[in-house]
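Derivation of every value follows stated rules applied to the coordinates shown; laboratory data play no part. In this text, all values refer to a predicted model and were calculated from it rather than measured experimentally. For neighbour counting, all protein chains shown are included, and Cβ atoms are generated from backbone atoms with ideal geometry for every residue, glycine included.
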Amino acid sequence: MQADRDGATYAALVRAVQAGDERAMEALLMRAQEVAYRFSLLVCGRPDDADDAMQEALLKTYRYAARIREPEAFRAWLYRTVRNACLIGRRKRVNEPEHFVALDDAGGDRDGHERRVDAIDPAHGPEEQALTSSLRSRLTRSLAAIPRPYRVVVVLREIEGLSTREVAEVLGISEANVKTRLHRARLLLREELEAL
Amino acid sequence: MTRPPAVHDHRCAEFLQSLSRYLDGELAAADRRAIERHLRECPCCEDVLDSLKQTVAICHEEGRPELPPAVRRRARARVSALLRQAPRQRARAR
């Protein structure tokens, strides 16, 4: 399963960082920022905050990766860090955003340039790309429509590929609670996807 | 996805609670067989299971696109800047 491969990759990168491999550090820092970007958009729905969350993930990963005693625990630590960074950003404001921005639409720079800049994948024709983009947009809007406690579980488990145990660690809840929330989240997401 | 008809059997509610665990392969063999027997007899629950599978598949396939190029460039620039600065800071600290 993808989740297992990803978990093993993080642990391997952390071990390489601890052995002094600078390329591994670069790869880990990029992954940390990718996680922060997706989490900001999919869970918090704040593309404007993504840069802050990415910066936080970058610096904390840089400081922590060389020191962590259990490399297998790194991934849960990273998601906990990113979640906390997003929550801090959220506390500065009162409300959730009215509209979530689709992942494809959030690539603009601070001046508003370069929106919708995903590169064309030569392996897919325009029709297939349009279908994919539309499905992705439906997924983003459906996620935004379900309550945050369910949204965060389905993002961590189904999209980010964390194990049930890792999700429990990130959220500070029991594994049984993760499973209950995940089932409810899947049902809610299914309803939203059907409604769009 | 098509919405299945409303739950029509008291057993359906019970089985629906276990569908995610069935999907994730977490049920004991006896419980799994009981669900599979029920699914063969109940198109309603079978439809729910199919739509849950589709929902999970959409998350797996569509949830993790690459970073948009502009975001990736900023991310790479931050990494380069940090790794350039870090040795100088360590040297000053000595």
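Counting beta carbons within 10 Å around each of B:D50, A:D48 and listing the fewest first gives the order A:D48, B:D50.
Using the Cβ of A:L42 as centre and a radius below 10 Å, the other residues enclosed give a net charge of +2, where K and R count +1 and D and E count -1. Phi-derived couplings, Karplus 6.51 cos²θ - 1.76 cosθ + 1.60 at θ = phi - 60°, listed residue by residue for region A:148-156: 3, x, 7, 4, 5, 5, 5, 5, 5 Hz, with x used for Gly and Pro. The phi-based Karplus calculation (6.51 cos²θ - 1.76 cosθ + 1.60; θ = phi - 60°) puts the 3J(HN,Hα) values of region A:63-68 at 6, 9, 4, 6, 9, 5 Hz, whole numbers, x for Gly and Pro.
Other residues with beta-carbon under 9 Å from the beta-carbon of A:L13 carry, at +1 per Lys or Arg and -1 per Asp or Glu, a net charge of +1.
A DSSP coil position with no more than 16 other Cβ atoms inside 10 Å describes the following trypsin sites (Lys or Arg not before Pro) in region A:45-78: A:R67, A:R69. Residue order for A:H183, B:H60, fewest other beta carbons within 10 angstrom first, comes to B:H60, A:H183.
Ranked for footprinting exposure by Cβ neighbours inside 10 Å, fewest first, B:H38, B:H10 give B:H10, B:H38. Each Cα pair under 8 Å and six or more residues apart adds its separation to the average, and for region A:135-196 the resulting relative contact order is 45 percent.
Using DSSP to define loop residues, name the GluC sites (Glu not before Pro) in region B:46-78 whose beta-carbon has at most 16 other beta-carbon atoms within 10 Å.
Taking region B:46-78 and a limit of 16 other Cβ atoms within 10 Å, the loop GluC sites (Glu not before Pro) found are B:E66.
Computed from backbone phi, the HN-Hα couplings of region A:39-44 come to 5, 4, 6, 7, 9, 8 Hz, rounded to whole numbers (Karplus: 6.51 cos²θ - 1.76 cosθ + 1.60, θ = phi - 60°; Gly and Pro given as x).
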